[in-house]
1. In a GNM of chain C with a 10 Å cut-off on Cα contacts, which of C:Ile125, C:Ile115, C:Ile48 has the highest mean-square fluctuation?
2. Considering only Cα-Cα distances, which of the following residue pairs are longer than 30 Å: A:Lys84/F:Lys70; B:Lys84/E:Lys70; C:Lys70/D:Lys80; E:Lys68/F:Lys68; C:Lys68/F:Lys84?
3. Among A:Gly95, A:His44, A:Gln110, whose Cα lies farthest out toward the positive end of the dipole of the range A:39-140, if unit charges sit on the beta carbon of Lys, Arg (+1) and Asp, Glu (-1)?
4. Taking beta carbons within 10 Å but only from partner chains, what does the mean come to for residues D:6-13?
5. Who wins for biggest fluctuation among A:Tyr46, A:Tyr114, A:Tyr126 in a Gaussian network model of chain A, springs between alpha carbons below 10 Å?
6. Take peptide C:89-99, look around each residue's Cβ out to 10 angstrom, count Cβ atoms belonging to other protein chains, and average those counts.
7. Taking the label point 7 Å from Cα in the Cβ direction, how far apart in nm is D:Leu24 from each other copy of itself, listed shortest first?
8. Filter the GluC sites (Glu not before Pro) in the range B:87-140 to those in DSSP coil with at most 12 other Cβ atoms within 10 Å of their Cβ, and list the result.
There are 6 protein chains.
Amino acid sequence: MRGTVYVYRRAHFSASHRLFDPNLNDDQNQVIFGACSNPNGHGHNYHIEVCIAGLPDPNTGFVIDLKKVKQIMHDRFLHKVDHKNLNVDVDFMSGINPTTENIAIAAWNQIASYISEGKLYSVRIYETENNFAEYRGEAS
Amino acid sequence: MRGTVYVYRRAHFSASHRLFDPNLNDDQNQVIFGACSNPNGHGHNYHIEVCIAGLPDPNTGFVIDLKKVKQIMHDRFLHKVDHKNLNVDVDFMSGINPTTENIAIAAWNQIASYISEGKLYSVRIYETENNFAEYRGEAS
Amino acid sequence: MRGTVYVYRRAHFSASHRLFDPNLNDDQNQVIFGACSNPNGHGHNYHIEVCIAGLPDPNTGFVIDLKKVKQIMHDRFLHKVDHKNLNVDVDFMSGINPTTENIAIAAWNQIASYISEGKLYSVRIYETENNFAEYRGEAS
Amino acid sequence: MRGTVYVYRRAHFSASHRLFDPNLNDDQNQVIFGACSNPNGHGHNYHIEVCIAGLPDPNTGFVIDLKKVKQIMHDRFLHKVDHKNLNVDVDFMSGINPTTENIAIAAWNQIASYISEGKLYSVRIYETENNFAEYRGEAS
Amino acid sequence: MRGTVYVYRRAHFSASHRLFDPNLNDDQNQVIFGACSNPNGHGHNYHIEVCIAGLPDPNTGFVIDLKKVKQIMHDRFLHKVDHKNLNVDVDFMSGINPTTENIAIAAWNQIASYISEGKLYSVRIYETENNFAEYRGEAS
Amino acid sequence: MRGTVYVYRRAHFSASHRLFDPNLNDDQNQVIFGACSNPNGHGHNYHIEVCIAGLPDPNTGFVIDLKKVKQIMHDRFLHKVDHKNLNVDVDFMSGINPTTENIAIAAWNQIASYISEGKLYSVRIYETENNFAEYRGEAS
């Protein structure tokens, strides 16, 4: 038997962020976001886990060479967020509240069209080992 | 692109249990359940991983605030099972053989109707890092 | 509520391999497979994660006794690959480039028909914690 | 340069226990031990990590063959505690409050004299990934 | 045999920081600290691991009740650094470059004199799983 | 208080090896080394953990910049062993049985004299998460 295989590549980045709604003041943001809304920010060691679905190539045995995926993840996402402040330093997060949900959607949008073999299937962002979010490109 | 996001919250509890069928004697249970049927019980550091699917709120960026999920998991599940004997101390496990499968179903039933935003998508119970079970609310 | 549960069993093996296409020479293989094509091989601590879907038995509470799954995984897969060279020592990998994708498909084929209760749902192979592949038995 | 090497072997066991002082009643034990004193017990996935110090043998390169250490750990410790109740089922824990500290000392005493090459250097017991204790055989 | 036991308690905090020397300008700091000196900061999920050495109490079996240690760690350290900016929000880090080394020393100084049974033996700070530092209270 | 701090840097490499004594035949090696002596080799995802002890610099707060340590580890050790066969491809392992003990000693010898600030305190090699060895430069 032979068919679709789902290949995963995981990587890491360290970033700071502050959750807040710019239409609200600090006290209102504190009510909604709690400690995550500390005005001077806090940070995380994030993990990103990208999944690509496709048929393995009969010659190479690869759905897609993960070295290519590693390069795309670096160029389109990691080098823009690693050791950065997600509220201030990242062009594609501008005006977006950096929740785990929104980072997952943003990462999908940065990466999806660059996957040249197979198709992007899911992007998962771990904020901690206990809190994470996955986006699968489903339209609302 | 924007659509359904799957958010996860993971938590931990330490509990003891004994696997056995009350219609069978100790020797018969030993044949079926092996060491897991030791009459004086044994125990585990369990992990529970809850997944909720939904659209992120445009203002907060949350499918559901994970602090709410944490509270529901505590009130409806964790404080009833943590540092307890699953065969004796837990009302919602009464008469249920505490296999990983049955704990996952019971946790779903305790939690599902309390999720106020998005919908409960899956509950995963890790008995050890090598043995785990997931329930997705599928009817039989 | 009660229905399908997905049970998982995870195990480990240590093996060496070399990625290469026998129709190409060493330099050509180096271009495609990079360091993974080192002629004298390299190796990994692999993890295999098997998932079986089914209804828990009303008496035992098991989809399938994981001790049975452990035995099938050992007999049909692990004892043939653990502490082996995947290019040379493994009958069911003969003529197959040992990418993570191909190991996952091979493991599925070795195990699927031996699962006596429930049905094999997925096989995941971790080459490292950052690179892994999953096969779900989908036909191409 | 060449000299003492410290080799480690890690293993796992699942057990239940209850912390209590038999000279006190349940309420008094609850004050001291809290949830850990639940009368019907609770449990953990414990890890044991044994360290042996010595000079590597010039022929084998081993301080001690870890397969020997694995066997000693199994025969003298693991098969007596795995899937057991530490308060009731374990001869060498009889009359001993099964705190992590006391389990580490008991494991040392079970194993130390059986190490035939090198010397036992430390025994570490993990009750959870956040709580653990190490004993080094130091006299009081 | 019975003697000194080393008990460990591990906890977690999420914080942002920027490494820089206030006597230098941004470019000079960039040369020394690289990406860690991003002016808008970045962040980590830190782990702190505290070790206390002492004789187990003959009645309780505890070197020190880890619930006490947990409370001291919370009151003296964690609630001051968790979800904070280490350069701005933390009184006891004022004027200190928040390297892993300096956080470990600061945590020791915050906690050591509050350990009422046994003695503080080491404080380890993990910035990531690959970078960490330990301080043992040794005078220079 | 201020004094010696121990800083750690952890890295990873994937390699194959075969344990055997060249003075013995395959059957004799099988008796001593078991599955680890498979003639075609096997492999591991190794971890190396280097510890350096010293006083933090008052200006930088570093015992030693871990970026320097990373570079030394790469140049002197990792690029020579990663994706290699430890029996055949590695100059500094020539004629050495690649046990975890001997890899730790070899890594120490490759790295120690290149540590320009602080002193190398220990080198730990993990062959798996359950088997590892540490060398501290102690003379025999």
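The values are calculated or read from the model by the stated rules, or taken from the named source; none is laboratory data. What you see is a predicted model, and the numbers here were worked out from it, not measured in a lab. Quick reminder, even Gly has a Cβ in these numbers, built from the backbone with ideal geometry, and neighbours come from all protein chains shown. We work out accessible area using only protein heavy atoms, side chains counted, and drop any ligands, DNA or RNA first. Shrake-Rupley method; radii C 1.70, N 1.55, O 1.52, S 1.80 Å.
1. Highest fluctuation of the listed residues: C:Ile115.
2. Working: A:Lys84/F:Lys70 21 Å; B:Lys84/E:Lys70 21 Å; C:Lys70/D:Lys80 22 Å; E:Lys68/F:Lys68 39 Å; C:Lys68/F:Lys84 37 Å.
Going by Cα-Cα distance, E:Lys68/F:Lys68; C:Lys68/F:Lys84 fall outside the 30 Å limit.
3. Towards the positive end, the residue furthest out is A:Gln110.
4. Numbers: counts 10, 8, 8, 3, 6, 1, 4, 1.
Mean partner-chain Cβ count within 10 Å for D:6-13: 5.
5. A:Tyr114
6. Numbers: counts 5, 0, 0, 0, 0, 0, 0, 1, 7, 1, 10.
If you average over the peptide's residues, the count of other-chain Cβ atoms is 2.
7. Result for D:Leu24, in nm, nearest copy first: 4.0, 4.4, 5.4, 5.4, 6.8.
8. Working: sites: B:Glu101, B:Glu117, B:Glu127, B:Glu129, B:Glu134, B:Glu138; in loops: B:Glu117, B:Glu127, B:Glu129, B:Glu138.
When the GluC sites (Glu not before Pro) of the range B:87-140 are filtered for loop state and at most 12 Cβ neighbours within 10 Å, B:Glu129 remain.
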